[in-house]
Amino acid sequence: MHAFAPRRSTETQISGAITLGWRIAVLYSLRADELPTSPPDNLLPMRGSLPAAERLALELRAAAGDADRLGVPLESGALDDLLELAARAAQSDQAETQFRDRIRAWHVELETMLWADHEATGKAYELGSFLSDTSNRVVLELRRGEHARTHVTRELRCVFARERVERIKRLLDDLQARIDPAAVRIVKQHLAAWQHAVRDRTPRAATRSGLEPLDSQVVTWFQLLTGDKEPEAFIGHDDRARVRGTMLGRIARSYRRNWLAIASAAAVAAGAVAALLLLNPDGTATLKVLAVLSPFAGALGVSLTSIGLTVRKSLDARAELLWNTALVEVIAERTLRVEDLLKSPVRPRRRLAAPVSRRRSHSDTPAAAQRRSGAPADAR
């Protein structure tokens, strides 16, 4: 069983940097011609239904607010220029290109400033960008039109390639003291599952709606790592019962593995008690020994109460470890979306064994076997 660090919430600065990296990547990936051209009739428009100009302005102001809270604000003049380009991006390809070029330049500036100011913040910003682009890059391949499934499949294998997955895991390891360890473990388990699954499987549908499971997956990672949603919030009452069952199963397996040590300790304790009773039936000698040792034990701070507290703390720590491990196992299984995106694996057909003839051929007779071995016909 691997060590499990105490649970903690993600630090505010790290959460803000992950969020900023995520927002900048989303802002850079948006295309005006893929956004609604007008708000829905008779309904107030929400974020996802805003027309292009309003949606770009919303995402831009949200990113600027996150940057300001991190202490790397965007100058007011630069923000005004970006807002003007965002307003014209829906009508002009040139304005949209200029808008994306300015976002890219802002991204480089932010990354440089954050890494220079506080390395952990720079890594958190990079982590947020990585998470967002896991989906953004695959969606980008849909724009190629012809042979979309081939392009999407290839890009899925690229975003979950070993080098990229290891880079994300390394960022998680570097930030593990500042992020909830349960969230880190869940994301790592998911990354390993996706990396394995995309090697020889293809998406069910190479469409925008068909990629929704991937979008949902990366949003789950974002919520876990930023602390926007506690891991326990992803499971219900039935899953919590599974956590308890998994925890009890781990305890039982642990005791089965250590049954010899437990039995030996119990035998030693029983033997010591039996020896004391045999050598000192009336118990006077035992009391004298305890009377001599108790002052030394007291001087060392050893007492039944302290021993009991130590044992209790040890048991509580072990119970917490087992609970957290079981919790991660159940949440990781519940929130994994890879099966929703990919087709079921193709299983090779079993080859039927050739029927064995009950009648021996002439070549399998004892005489034939003897001739092949060179032995005389009358040899036994």
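The values are calculated or read from the model by the stated rules, or taken from the named source; none is laboratory data. Not measured: the values here are computed from a predicted model. Neighbour counts run over all protein chains shown; Cβ positions are idealised from the backbone, glycine included.
Given the condition within 16 Å of the chain's Cα centre (by Cα), outside any helix (DSSP H, G or I) and either within 23 Å of Glu11 (Cα to Cα) or not assigned by TED's automatic domain parsing to the domain that holds Thr220 (or both), answer yes or no: does some residue in region 162-175 qualify? Yes, region 162-175 contains at least one residue that is within 16 Å of the chain's Cα centre (by Cα), outside any helix (DSSP H, G or I) and either within 23 Å of Glu11 (Cα to Cα) or not assigned by TED's automatic domain parsing to the domain that holds Thr220 (or both).
Criterion applied to Arg164, Arg137, Arg144 was being surrounded by fewer than 21 Cβ atoms within 10 Å (Cβ to Cβ), modelled with pLDDT under 90, on the phi < 0 side of the Ramachandran plot and not small (Gly, Ala, Ser), and the one residue passing it is Arg144. Limited to region 181-217, what total is found for residues that are touching a residue at least 40 places away in the same chain (Cβ under 8 Å) and within 22 Å of Thr325 (Cα to Cα)? Total satisfying the criteria: 11.
Among the conditions (1) of a type outside the set (A, V, I, L, M); (2) under 25 Å from Thr12 (Cα atoms); (3) in a loop (DSSP other than H, G, I, E, B), Asp41 misses just one, which is (2). Between Ala57, Ala89, Ala116, the distinction of being touching a residue at least 40 places away in the same chain (Cβ under 8 Å), hydrophobic (A, V, I, L, M, F, W, C) and either assigned by TED's automatic domain parsing to the domain that holds Leu224 or surrounded by 15 or more Cβ atoms within 10 Å (Cβ to Cβ) (or both) belongs to Ala89 only. Of the residues making up region 126-157, those that are farther than 23 Å from Arg23 by Cβ and either among the hydrophobic types (A, V, I, L, M, F, W, C) or in a loop (DSSP other than H, G, I, E, B) (or both) are Arg144, Gly145, Glu146, His147, Ala148, Val152, Leu156. Annotation note: Cβ proximity below 9 Å between a residue of region 18-37 that is outside the structural domain of Ala67 (by TED's automatic domain parsing) and a residue that is at pLDDT 95 or above (sequence gap 6+ or interchain) occurs for no pair. Of everything listed in (1) buried (at least 17 other Cβ atoms within 10 Å of the Cβ); (2) within 29 Å of Ser38 (Cβ to Cβ), the single unmet condition for Asp101 is (1).
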